[in-house]
Amino acid sequence: MSNAITFPGLGLSFDIPEVAFTIFGLSIRWYGVIIAIGFLLAFMYGMRRSEEFGYSQDDLIDMLFVATPAGIIGARAYYVIFNFDYFRGDPVRMLQIWTGGLAIYGGVIGALIAAAIVARIKKIKIMSVFDIAALGFLIGQAVGRWGNFVNREAYGVITDLPWRMEIFDWSLARRVAVHPAFLYESLWNTLGFVLLHFASKRRKYDGQTFWTYVAWYGLGRGLIEGLRTDSLYLFSTNLRVSQVLGFGSCLAALIILGYNAYFKTHEPEEMQVARYRAKLTAAGNEGATDNGEADTDAVPYDAGEQVEDVESVEDAEDIEDVENVVMTVNDNDDNLDEPPGITDTNIDGTDI
């Protein structure tokens, strides 16, 4: 009996053990290693682009400290709720996540709720956080699906297509050729990330990237879920939970995107102001500058609180280069406090 994974139509064969290595007597599985790699790549991407979305790298780290465990709890809770008959007789098994049983939808929901709470406390625009979170999710989901490949799980129904994947099916006690559903979803998420990465640079409002992600992932998951043999079902019905949620969330996201596109006017400068606010926030968090030298006594400036007071951005020859950006505010608003150290000078200390 061979437990190798083969793609006979492509002439490929893989015999990958589930355990990657052992340290201090503890077996570290490839599944965990791959999930960690996906998380690390998403984290690095988020750190690189956080300031574009209006918050600092420190803010991102704070959110991850809360959102990561919340995501794990949500992923397990989702799986347990829709597979409750399996756990009913032995509730202790609900806590044994190392035996398997994490649902990505639950993880996403748990992580987003936690991130929203932190964003609210830190006075960061929640939908802006969701925008960059969506890009991170796509990275993590694209990489993480290869953990299913190593575990010989999340595969589809029997097929004879040229790219079929052949594995040993323990329930049938024989080798079968099936749809590589894990690969379909990984490729779908990879393509989605590439498209949204570039589209996010031209987003017109906070939340646009997130809702596009919801529509993209929901459509793909709904289609691919129909091929899988290990779906969770909606209680006693024949409805696949992830398929219902996938198509439902896709429809809801499309309605929201359509409303914003056709029935709501977004000022052309709106995202320019957001990008400038991000630059100001980053500069304020690092300390105001005086003639190019950092002022260690400067109070961090949370420009997000005054975003409604910013009317326009002038001289934006290159909006990504803050030296060429000048912010003008409503002269009639006496409540706007100027950011410490940033008055009639650019952030680098040069005169405007």
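List the lysines whose Cα sits under 23 Å from the Cα of residue 264, skipping any in the same chain fewer than 8 residues away.
Here the lysines satisfying the reach criterion relative to residue 264 are 125, 201, 204.
Provide 204, 264, 125 in ascending order of the number of other Cβ atoms located within 10 Å of each residue's Cβ, fewest first.
The most exposed by this proxy come first: 264, 204, 125.
Please report the projected area of the stretch 140-237's Cα convex hull averaged over all directions, in nm².
Spelled out: convex hull of the Cα atoms, projected over all directions, averaged, 8.1 nm².
With labels modelled as points extended 7 Å from the Cα through the Cβ direction, what inter-label distance (nm, one decimal) is found for residue 44 paired with residue 230?
Using points 7 Å along Cα→Cβ, the separation is 2.8 nm.
Using only Cα atoms, figure out Rg for the stretch 9-161 and give it as a multiple of 2.2 N^0.38 Å.
1.20
Would you mind putting 232-238, 190-196, 136-142 in packing order, based on average other-beta-carbon counts within 10 Å, highest first?
136-142, 190-196, 232-238
Quick one: 66, 150, fewest Cβ neighbours within 10 Å first, how do they rank?
Going from least to most buried by this count: 66, 150.
Considering only the other residues whose Cβ falls under 15 Å of the Cβ of residue 215, what net charge follows from Lys and Arg at +1 and Asp and Glu at -1?
+1
A short reminder: the numbers here are calculations on the coordinates, not readings from a lab. Only a predicted model underlies this, so the values are computations on that prediction, with no experimental measurement involved. When we count neighbours, we look across all protein chains shown, and the Cβ atoms used for this are built from the backbone with ideal geometry, even at glycine.
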